[in-house]
1. Out of the total accessible area of the chain (probe 1.4 Å, heavy atoms of protein only), what percent is carbon and sulfur?
2. Label-point separation (nm) for Arg143 and Ala93, each offset 7 Å from Cα along Cα-to-Cβ?
3. Using a Gaussian network model on the chain with a 10 Å cutoff between Cα atoms, which of Pro11, Pro78, Pro309 fluctuates the most?
4. For the chain, with every protein chain kept in place, what is the accessible area per residue (1.4 Å probe, Å²)?
5. Less than 19 Å apart at the alpha-carbon level, and either on another chain or at least 8 residues along: which lysines does that give for Lys399?
6. Over 25 Å between Cα atoms: which of Lys138/Lys345; Lys127/Lys175; Lys208/Lys325 fall into that group?
7. For a paramagnetic label modelled at 7 Å from the Cα of Glu320 toward its Cβ, which residues of segment 37-68 fall within the zone defined by backbone nitrogen distances under 11 Å?
8. So what is the 222 nm mean residue ellipticity for the chain from helices alone, if each DSSP H run of at least 4 adds -39500 (n - 2.57) and you divide by all residues, rounding to the nearest 500 deg cm²/dmol?
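The values are calculated or read from the model by the stated rules, or taken from the named source; none is laboratory data. Model, not experiment: these values are computed from the prediction. When we count neighbours, we look across all protein chains shown, and the Cβ atoms used for this are built from the backbone with ideal geometry, even at glycine. Heads up: the accessible areas ignore ligands, DNA and RNA and are worked out on the full protein's heavy atoms, side chains in. Shrake-Rupley method; radii C 1.70, N 1.55, O 1.52, S 1.80 Å.
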Amino acid sequence: MNAAVPLSLSPKVPKPAHVPDSAVYDFDAYCDPGLLADPVRRIAEIVKQAPPIFWTPRNGGQWVIQGYEALFNAYRDPETFSSQFMSPEQMKAMMASLPPGTPRIAQARPINLDPPEHTKYRAPLQKTFSPKSALALKDDIRRLANDLIDKVAAQGRCDFVPAIAEQLPVQVFLKLFGLPLEHQAEYRALAKEHLSGNTTDMKAMIAKQFRLLNVMRATILDRRDNPRDDIISMLWKAGVDGRPTTMDDMEDYALLLFIAGLDTVVNGASFLMLHLAKNPALQEQLRATPKIIPEAVEEMLRRYTFTVPVRCVAKDVVYEGVTMKAGERVLMYDPAADLDPKQFKNPEAYDMNREEKTHIAFGAGPHRCLGSHLARVELQIITEQMMARLPQIRLDPQKAPTFHGGHVIGPETLPLVWDV
């Protein structure tokens with residue numbers, strides 16, 4: 001299995017004095033060759049070879065928390081592991097250093113805020129992403145899944161990522177959010193660009209952000225004046241903490257929801273189909289007993305967790321015996337945590353009947369994923385309809401899957417075949 005695009009490792013930086021040699025493990029979260037060749041195998045290696053918390057000299061030097069307990073507790077301690085990478089004072093100083101006329105730099109709220117500010121911005125979104133709201137979309141999601149599958153069924157083959165995995169959750173989200181479907185390909189390309197590459201390059205990140213907001217700005221303004229039944233219109237009406245919603249608020253919301261809605265489920269669905277294509281007996285089991293699909297998907301989320309959020313150390317601390325300094329960057333390595341043998345018996349095995357099922361695929365603490373209910377519904381329906389409408393799917397023997405690393409890990413391509 002080969003990477004989609006050969007990438008160069010970032011240069012190493014010197015180890016800080018407070019980091020012991022025993023805590024160092026060389027890993028580039030974006031360009032590690034093993035990760036790009038086969039993330040399933042590479043992440044299992046990291047679990048076995050690296051400490052639960054380690055420091056890597058790549059990408060400017062950063063911490064990686066990969067042990068389940070250490071990660072779970074860090075998520076629940078925003079006073080130490082902050083989601084806010086820049087204070088208002090720092091943001092003001094950065095804007096002052098940019099050329100005159102530079103547009104405002106948006107912040108992905110509420111994900112880049114800590115409580116209590118985080119709570120104020122998250123509140124308007126809670127109802128939209130509730131379990132009840134997700135279930136109400138089931139019929140629409142099923143119709144879309146059937147349409148996408150039927151388009152490729154007679155061909156006996158497809159690249160699952162662009163044909164189905166990118167289409168279904170992206171179309172569902174664009175409709176829910178209120179962005180025009182005819183620009184789907186452009187939106188998806190911008191989302192992939194935003195999540196690719198080293199996010200320690202602030203100038204590059206700002207340039208990507210400007211491109212994202214530029215394609216949404218006209219729609220955001222239109223919904224302010226001509227509201228519809230969508231999230232953008234709802235956010236204009238909802239207000240924030242008792243005050244009217246501003247354009248700055250809307251840009252911050254849009255930045256977060258655009259990225260989250262246009263990428264995460266794509267990777268979850270692709271990992272799911274990768275596993276099913278390798279396991280024909282499981283396919284037959286799900287076809288024979290569709291009611292177990294929710295449990296099958298849940299174990300898939302644990303076994304192939306794909307998100308890697310980032311935190312900033314807010315104060316000097318000794319955490320789990322490791323000395324960390326204020327301002328240091330931390331990767332919350334969820335994919336490794338869900339393979340921690342201290343938490344899960346025989347963690348590399350796929351076992352939907354395992355006793356311990358509490359995975360961390362959607363994070364934990366105040367920032368636990370708002371879209372988890374919708375993601376589960378989409379993944380369950382994709383599985384149901386793929387099993388119901390296609391015979392046994394297999395990996396294409398002529399074309400190997402390819403993968404990407406970064407903050408959302410997953411297949412870049414997934415060529416599948418089946419008999420027709």
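1. 54 percent
2. In this crude spin-label approximation the distance works out to 5.4 nm.
3. Highest fluctuation among the options: Pro11.
4. Accessible area per residue: 44 Å².
5. Counting by Cα, and skipping residues close in sequence, Lys399 has these lysines nearby: Lys278.
6. Among Lys138/Lys345; Lys127/Lys175; Lys208/Lys325, the Cα-Cα distance tops 25 Å for Lys138/Lys345; Lys208/Lys325.
7. Only 51-55, 64-68 pass the distance filter.
8. Using -39500 (n - 2.57) per qualifying helix, the result is -14000 deg cm²/dmol.
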